[in-house]
Each structure stands twice: as structure tokens, then as C-alpha cells.
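Here's the structure, in C-alpha cells; my notes come after.
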Amino acid sequence: MASLTRLSLRMGSSAGSSSSSRIAANRLLTISRHLSSSSSMASDKATQGSTSSKMSSPHEDLVLFESHHNARLYKLNRPAKLNSLNQEMIDLLTKKVRNWRELESCKVIIGTGDQRAFCAGGDVKQLVLDLKEGKDTALPFFKSEFELNWTLGRLGKPYVAIIDGVTMGGGAGLSLPADIRIATPKTIFAMPETKIGYAPDVGSNYYLAQLDGAIGAWLAVTGQELYGRAVYELGIATHYVTPNLLPTIINEITQLDSPTSAQISSIVSSYTASAPAGPDSGSDLSSKSNPDGLSPIKGEIRGFLDKTFSLKSIPEIHSALTKSQSDSALSGEVKEWARVQLDLLNARSPTSTAVALTGYRKAKEARRLDRVLLNDITMATAFCGPESGRATDDFVKGVSSVLIDRSKTAPEWIPSELSDPRLALSEIIKNFYPTKSSTTTTIPELQLVPESASKLDSGRDSTWNKFRKYGLPSEQLIKASVDGYSPQSGAFALTEKELIAQFLEDSTSGTRRDEVVQRIKSVVEKNCKVDKGGYLEWK
């Protein structure tokens, strides 16, 4: 924090400094403390109108809240558990976020964690311990968590999530609804539920289904971790910066009187971390030991991923991964990547992977956050509801093995074979996504606040296809411009230069500009034909 202090002193002591610059300097120091300390905070109502205020809570050691000008900040503060969510944290966040949503003086919401984690997920270890003792805490927890996920996706004002550190499961549920999602080299993202005998929930499939190709299906089924820059390049995050710049970025956001998501995006983009220089070799690729490297999901690997994880069932995916090892047409790089995915799949619950793939496909079909969350609570009931109506015990087995007993061997999943008829699509839908009329099990009713603006059967909702709006352009958005469906593209064919111009904001410069340009060029090269006049046509 020494560098932040020096920055603040420079801001406050420069020649002719005004009271506003001193306020900005003080605010930067306060934000720095917010990101690094767990001091208690004073109430929003009592301090309303001050430049920087602190707000207390009845559980101030779990979630901290702050007010800076027109910005409101929350900080998850359960560091010993990597900020994993328990019922108290969900209740605190829900109450505060719903208040901020209605509060006219709140113009932007910013969510943070600590230096190790944004949020490692829900505290499922405690939920399973409770289940073993006959306590019914799991479904009430998931019900309230999913209701919070909905509210965060319907704030009606800019929302920024600082996903610096571990961001998994429930942490994805808090951060994916944000317009602006800022990753750093410390970010580790995953939906690891199939590892513990469960499947992705918290509305995550709604967002995973908006990633390019079959990347979302791959992440949902395997629980594969993404590191640093890859989180940004694949579309989970909209921006990528170095951690030391976060207090400065937050400070600039909090100084805006009436911030828009576009303004915030422009601010964060100006701090984009440079991509590694040099040839695109394996040593430059993103990994746990090299998070700042480029994503390996491109070229042949990306093509193989799309082809494999677009298959209809887990047995077909497993078969394709197995056959790849003896396929002479595949490069050694692709075979090694496929081998890793095969090892992951072999260690996962067969039931969970089948449910994960089905949930992802249902989300891609529905294109509605409310429908996805309703599917999630139905699925959660099948995994951890009343024992008499539970479709599987894999969740209890998986959490017990991985998180309680810390076993080094995979649990004894039932069924254990992918060929088991209980894993057929019809059986998965019947047992994990039943209609109310087809089940005797009581499924909790989600109370969605605010109410959905459209009916469940009325087609895609208002935020579908906007998940990537402020990040690197998605293939779908680029295709829409090439095909003439994008509002700014018009009915005329575009050259590559004209296409690039559509995606560059006036303020886009430096590293961010270079990345947008490179992104569009790579998508055009892979997916477009160019006629004699230089005009693009999607293949």
C-alpha cells in the first residue's frame, strides 16, 4: 500500500491542488483500506450525503459496506474460508443490494473480496454437515442465493465486480451478472460442481451459454479452472488489469456523478494490462504457474473443443476424448489437451456431468435468467432435498470426500458407468428437471425481486447477448455485424476495416485497442470469406 500512499500524497500536494483533489486523495486511501482491511463500517442511512462513509452491519465480520459519493461498495470478508458464502452473508447482501437498487443516490455498485479470493463459492461443506445431522439448511440456502443472483442481474444501474483471486461457484453467481467484471493475474475462475457430485447453478449457465462455441459446455461439464488472462480472453471477465491498479480504478469510478457502464468500461480499459510479448509458444500460454499468458483455447484446440463438447451426450464426449489419443490427424498439442479433459471427466460424477450438460443446453435454449434459476432450484432439490425425494446421493458423497475427508481418491459415484440407463437424457430430465405436475417432491418457490419484466414463455429476456457487451467482442456480436443484423452495421456489407471501426469506442486506445483489433482479425480469419472487393461474408 506504500505506492498508494505516495500516489495520494502526490494528488494532495501538487501545486495549486484544490479541495476536490484532496477529497479524491482521501477517497483513494479509504478505498485502499477497503480492499485490504476488515475494519467495521457505519450505517448508510446515518452517513448519507458525506463524500466517503462507512456502514455497519450486525455481522460486520462477514460483509463490509461502504458509501463513496454516488457509489456503494460491498466487500466479502470471510478470508479464512476464501469468502465462501453462508446464509448470513446471503441475507446481508440481499437486504443491502435491494436497498441500493431502489436508492436514488446510489448510481453504481462495486463488489470486492480480499487479496486471496473474491468468493470461492457457497459453503457447501457446512450444508452437507447439516444434512448429515438431519438439518434442512441446504434448500433454504440455495433458494435465497438464487434470489440474490436474480436481483444482481436486474439492478438497473451499473454493477462492477472485482474478481481478483479465487472466483468459483457462488462467487460466479455474484460476479457474472455485473456489467463490468475485472480480472487480474490472480484470478482463478471455475464452476467446479461436478467435482463434488453437483452441477453448475446460481444462474451461471445463462452466462456460460453466451460464451463462444462450446466453451461454456466445456467449463460446465469438466469444472476446468481458468487462470488470469484466459478468464478475460474467453469472455468471463470484461477487463484485465494488474491488482495494484484496482484502488485507483475504483477511486476514479467513485468520482463519477452519474456513471454509465460505458464510462466505467472506458476508465477500466485505459488500465488494461499488456499481453506477453514474444512468439506464441507453449511457454506463453495461460496456466496456474503463468496466469498472465495467452489463453490456450484457440486454433486446433478450440476447434476440437467445439466439435467435442457440442456432442449430444456425456458418453459421446467421453468417446471422442478417448479416440483422440490414437487419432493421427490430431496434433500432439490437441491430444495432450484432450487427455487432460479425459482425466477430469473420469474423476467427475457421471450423474453430475450429465446434469451439467443438460442444464447448459436448457439455458442456451431458454435464453432467460429467470428460467435458468428456476431450473437451478429444481435441480438443487434433486441433489440435496429431502432424502426420500433425492435423485442421487452424489452431492453428499462428493462434498464429504473432497471437502470434509480430503480424500485423494474419487468418491464411489452411483451410477459409476456412463452407459448406465439412469444417465439417459430422458431420465436426467425426469429426475432433475421435472415439471411440478410430474413430481411429488416439494420444490421451493423463488421470490424474484424485482418481478420478471416478461413471461417465462415469451422468448429471450432483455439481457441475453449483453453479457459480453463491455468485454472483448464475442463471435456472435461480430457475426451479427458481418451479417447485417447489428443495429450499427446497416444493410451494407463491411470490410474488415469498417468492422473493426464499429467495435472501437472513440476513447479506446493503447493495449485495449490493440486487443480488440487482434480479436476481430482472428475471428474474421477463422470464420469469414473475403470477396474481391474486400467485403466480408460469414462462412
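The values are calculated or read from the model by the stated rules, or taken from the named source; none is laboratory data. Worth saying up front: this structure is predicted, and the values here are computed from it rather than measured. Every residue, glycine among them, receives a Cβ derived from its backbone with ideal geometry; neighbour counts consider all protein chains shown. Side chains are part of the model used for accessible areas, which takes the heavy atoms of the whole protein and leaves out ligands, DNA and RNA. Shrake-Rupley method; radii C 1.70, N 1.55, O 1.52, S 1.80 Å.
Values for this structure:
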item: Antiparallel bridges, percent of DSSP beta bridges restricted to the chain (to nearest 5); result: 45 percent
item: Solvent-accessible area, 1.4 Å probe, carbon plus sulfur percent, for the chain; result: 52 percent
item: Mean projected area (nm²) of the alpha-carbon convex hull when the chain is viewed from all directions; result: 26.9 nm²
item: Virtual paramagnetic centre 7 Å along Cα→Cβ of Gln263, amide N under 14 Å, in segment 107-121; result: 107-109
item: Normalised convex hull volume, segment 262-370, alpha-carbon set, Å³ per residue; result: 163 Å³
item: Computed [θ] at 222 nm, deg cm²/dmol, the chain (DSSP H ≥ 4; -39,500 (n - 2.57); rounded to nearest 500); result: -13000 deg cm²/dmol
item: Contact order relative to length of the chain, as percent, for alpha carbon pairs under 8 angstrom and 6 or more apart; result: 13 percent
item: Accessible-area ranking of Ser452, Ser289, largest first, probe 1.4 Å; result: Ser289, Ser452
item: Mean separation of Cα contacts under 8 Å (6+ apart) over length of segment 152-253, as relative contact order %; result: 29 percent
item: Ranked by how many other beta carbons lie within 10 Å on average, peptides 188-196, 250-258 from highest; result: 188-196, 250-258
item: Accessible surface ranking that places the most exposed of Glu66, Glu475, Glu104 first, with a 1.4 angstrom probe; result: Glu104, Glu475, Glu66
item: Nitroxide proxy distance, nm - points 7 Å out along Cα→Cβ at Ser419 and Ser319; result: 1.1 nm
